[in-house]
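Trainee: Below you will find the structure I want to go over with you.
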Amino acid sequence: MNLEQLNQTAEAMVRPGKGILAADESSSTIQKRFDAIGVQSTADNRRDYRELLFRSSEAMKSYISGVILFDETIRQQGRDGTPLVKLIEQAGAIPGIKVDAGAKPLPFCPGETITEGLDGLAGRLKEYHGLGARFAKWRAVIDIGEGIPTWTAVKTNAHALARYAALCQEAEIVPIVEPEVLMDGAHDLDRCATVTEFVLKTVFQELYEQRVLLEGTVLKPNMVVAGKKSAKRASVDEVAEKTIAILKRCVPAAVPGIAFLSGGQSDEEATAHLDAMNRMGGFPWKLTFSYGRALQAAPQKAWSGKSENVAAAQRAFSHRAKMNGLASLGQWKDDLEKKAA
């Protein structure tokens, strides 16, 4: 394992002013997104949509450090025959790959899941490295509800994340470690903070036990936010302060950077929260974004499957990428959104 190379890649993924585009939607997820804009989810349509993102030169060159791909996408070519991976590399971004097989019900733990995909992962990582992937992603899902999460679910998912991360580093691939505490439910900010701390401490203990070198990883956590059904909403500053406090308790300084997931927040909420955290300062890691829907909802709607809308979709993507790039520097302002509108 070349730790220096892994560290260089991880540092490049979280370099100031840039973040990661999560374009790794599963077949079922991309179908839901396409259904919402009246587009049939075919291989060609999925390719055309993702190609328009990767050819958005302003966004890709200025604000995107890496792109997480789905298995189908890392093998696809653009309309002119150029591999989509090459488009990403030509823009100066790093190709990555989603390698988990999704969350399945966890035996004897009603309402909880375990992420699968470890079987055969070493061989798949070797193939993905050959296809150009230099980082990978594995998502563990932790729900908050009556009596959950259980220790069983947290421990099992943390162990799987750590085994995945070790296999990645052995294959010269940087692991994005993604333990997501969902914002579904009626829990308040403090309950989310308690569960997030529990999850992160367990994950880092498991990473240590699997001999994962933190300098060659990127953490992709949830922000500490109240549940969608909670009657008690938290302000932007409250979310930022609580999130940073929990991260300081749990995340070693050896981790190069933290790329947050948006996790069901609105586009502007995800941007505002990231900006508020970076304005606070006083932490050892770089804080940036690894957003999917929060970067793509606007361009998907603008595109709507029509070739004449490609330019408008690229403008929408570039705007959201720029807003989040500024937020990763603590330089975003709400009036920039109003001006764009």
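Trainee: Any idea which residue in segment 289-302 is surrounded by the most Cβ atoms within 10 Å (Cβ to Cβ), counting only those that are polar (S, T, N, Q) and in a helix (DSSP H, G or I)?
Mentor: 296
Trainee: Against the condition within 23 Å of residue 323 (Cβ to Cβ) and among the aliphatic types (A, V, I, L, M), how does residue 97 come out, does it pass?
Mentor: Details: within 23 Å of residue 323 (Cβ to Cβ): no; among the aliphatic types (A, V, I, L, M): yes.
Against the criterion (within 23 Å of residue 323 (Cβ to Cβ) and among the aliphatic types (A, V, I, L, M)), residue 97 does not qualify.
Trainee: Let me ask something else about it. What do you reckon, is residue 229 over 21 Å from the mean Cα position of the chain (by Cα) and open to solvent by 50 Å² or more (accessible area, probe 1.4 Å)?
Mentor: Details: over 21 Å from the mean Cα position of the chain (by Cα): yes; open to solvent by 50 Å² or more (accessible area, probe 1.4 Å): yes.
In short, yes.
Trainee: In this structure, does residue 271 turn out to be in contact with an Asp or Glu (Cβ under 9 Å, 6 or more places away or on another chain) and in contact (Cβ under 8 Å) with a residue 40 or more places away in the chain?
Mentor: Working: in contact with an Asp or Glu (Cβ under 9 Å, 6 or more places away or on another chain): yes; in contact (Cβ under 8 Å) with a residue 40 or more places away in the chain: yes.
Criteria met by residue 271.
Trainee: Something else: How many residues does segment 10-49 contain that are in contact with a Gly (Cβ under 9 Å, 6 or more places away or on another chain) and surrounded by 20 or more Cβ atoms within 10 Å (Cβ to Cβ)?
Mentor: Qualifying residue count, segment 10-49: 14.
Trainee: Give me the residue from segment 50-77 that is of a type in the set (S, T, N, Q) and open to solvent by 40 Å² or more (accessible area, probe 1.4 Å) and, out of that set, nearest to the chain's Cα centre (by Cα). Working first, answer last.
Mentor: Start the filter on segment 50-77 by keeping residues that are of a type in the set (S, T, N, Q), which leaves 56-57, 62, 65, 73, 76-77.
Still in the running and open to solvent by 40 Å² or more (accessible area, probe 1.4 Å): 57, 62, 77.
On the way: 57: 21, 62: 18, 77: 24 Å.
That would be 62.
Trainee: Please give the number of the condition residue 209 fails out of (1) under 14 Å from residue 142 (Cα atoms); (2) in contact (Cβ under 8 Å) with a residue 40 or more places away in the chain.
Mentor: It fails just one condition, (1).
Trainee: Show the residue pairs meeting these rules: Cβ distance below 9 Å; 6+ apart or different chains; first residue within segment 135-148 and assigned to a loop (DSSP other than H, G, I, E, B); second residue of a type in the set (Lys, Arg).
Mentor: Qualifying pairs under 9 Å: 144/191.
Trainee: A further question follows. For segment 308-329, name all the residues that are among the hydrophobic types (A, V, I, L, M, F, W, C), open to solvent by less than 40 Å² (accessible area, probe 1.4 Å) and either within 24 Å of residue 16 (Cα to Cα) or not in a helix (DSSP H, G or I) (or both).
Mentor: Matches in segment 308-329: 316, 317, 321, 323, 326, 327.
Trainee: Still on this structure, I have one more. Read through the list (1) over 20 Å from the mean Cα position of the chain (by Cα); (2) in a loop (DSSP other than H, G, I, E, B); (3) modelled with pLDDT of 95 or more, then give the number of the only condition that residue 305 fails.
Mentor: Condition not satisfied by residue 305: (3).
Trainee: Output the qualifying pairs, or none if there are none: Cβ atoms under 8 angstrom, residues six or more apart or on different chains, first residue in segment 92-111 and basic (Lys, Arg), second residue open to solvent by 60 Å² or more (accessible area, probe 1.4 Å).
Mentor: Qualifying pairs under 8 Å: 98/139; 104/116.
Trainee: Among the residues of segment 204-258, which ones are among the aliphatic types (A, V, I, L, M), in a helix (DSSP H, G or I) and more than 19 Å from residue 173 (Cα to Cα)? It would help to see each step written out before you state the result.
Mentor: Initially, segment 204-258 is screened for residues among the aliphatic types (A, V, I, L, M), giving 207, 212-214, 218-219, 223-226, 231, 234, 236, 239-240, 244-247, 251, 253-255, 258.
Then keep just the ones that are in a helix (DSSP H, G or I); that gives 207, 214, 236, 239-240, 244-247.
Those that are among the aliphatic types (A, V, I, L, M), in a helix (DSSP H, G or I) and more than 19 Å from residue 173 (Cα to Cα): 236, 239, 240, 244, 245, 246, 247.
Trainee: Being surrounded by 24 or more Cβ atoms within 10 Å (Cβ to Cβ) and under 23 Å from residue 32 (Cα atoms) is the filter here; which residues of segment 262-288 pass it?
Mentor: Answer for segment 262-288, where residues must be surrounded by 24 or more Cβ atoms within 10 Å (Cβ to Cβ) and under 23 Å from residue 32 (Cα atoms): 262, 270.
Trainee: Can you tell me which residues in segment 261-288 are hydrophobic (A, V, I, L, M, F, W, C) and part of a helix (DSSP H, G or I)?
Mentor: Initial filter on segment 261-288 (hydrophobic (A, V, I, L, M, F, W, C)): 261, 270, 272, 274, 276-277, 280, 283, 285, 287.
270, 272, 274, 276, 277, 280, listed by residue number.
Trainee: Counting only residues that are of a type in the set (Asp, Glu) and surrounded by fewer than 18 Cβ atoms within 10 Å (Cβ to Cβ), which one in segment 93-142 is nearest to the chain's Cα centre (by Cα)? Lay out the reasoning, then the answer.
Mentor: Initially, segment 93-142 is screened for residues of a type in the set (Asp, Glu), giving 100, 112, 116, 119, 127.
Imposing the further condition that a residue be surrounded by fewer than 18 Cβ atoms within 10 Å (Cβ to Cβ) reduces the set to 116, 119, 127.
Working: 116: 18, 119: 23, 127: 22 Å.
My answer is 116.
Trainee: What are the residues in segment 143-162 that are buried (at least 17 other Cβ atoms within 10 Å of the Cβ), farther than 20 Å from residue 261 by Cβ and touching a helix residue (DSSP H, G or I) at 6+ places or on another chain (Cβ under 8 Å), if any?
Mentor: 159, the sole residue that qualifies.
Trainee: Continuing with this model, one more query. Out of everything in segment 163-186 that is part of a loop (DSSP other than H, G, I, E, B) and at pLDDT 95 or above, what residue ends up being surrounded by the fewest Cβ atoms within 10 Å (Cβ to Cβ)? Quick ask: steps written out before the conclusion?
Mentor: Going through segment 163-186, the residues part of a loop (DSSP other than H, G, I, E, B) turn out to be 171-173, 182-186.
Imposing the further condition that a residue be at pLDDT 95 or above reduces the set to 171-173, 182.
On the way: 171: 20, 172: 16, 173: 24, 182: 19.
Among those that are part of a loop (DSSP other than H, G, I, E, B) and at pLDDT 95 or above, it is 172.
Trainee: Right, next: Based on this model, can you work out whether residue 197 counts as charged (D, E, K, R), open to solvent by 10 Å² or more (accessible area, probe 1.4 Å), touching a residue at least 60 places away in the same chain (Cβ under 8 Å) and touching a helix residue (DSSP H, G or I) at 6+ places or on another chain (Cβ under 9 Å)?
Mentor: On the way: charged (D, E, K, R): yes; open to solvent by 10 Å² or more (accessible area, probe 1.4 Å): yes; touching a residue at least 60 places away in the same chain (Cβ under 8 Å): no; touching a helix residue (DSSP H, G or I) at 6+ places or on another chain (Cβ under 9 Å): yes.
The answer is no for residue 197.
The values are calculated or read from the model by the stated rules, or taken from the named source; none is laboratory data. Since this is a predicted model, take the numbers as computed values, not measurements. Heads up, the Cβs are rebuilt from the backbone with ideal geometry, glycines too, and the neighbour counts pull from every protein chain shown. Please note that ligands, DNA and RNA were not included when accessible areas were found on the heavy atoms of the full protein model with its side chains. Shrake-Rupley method; radii C 1.70, N 1.55, O 1.52, S 1.80 Å.
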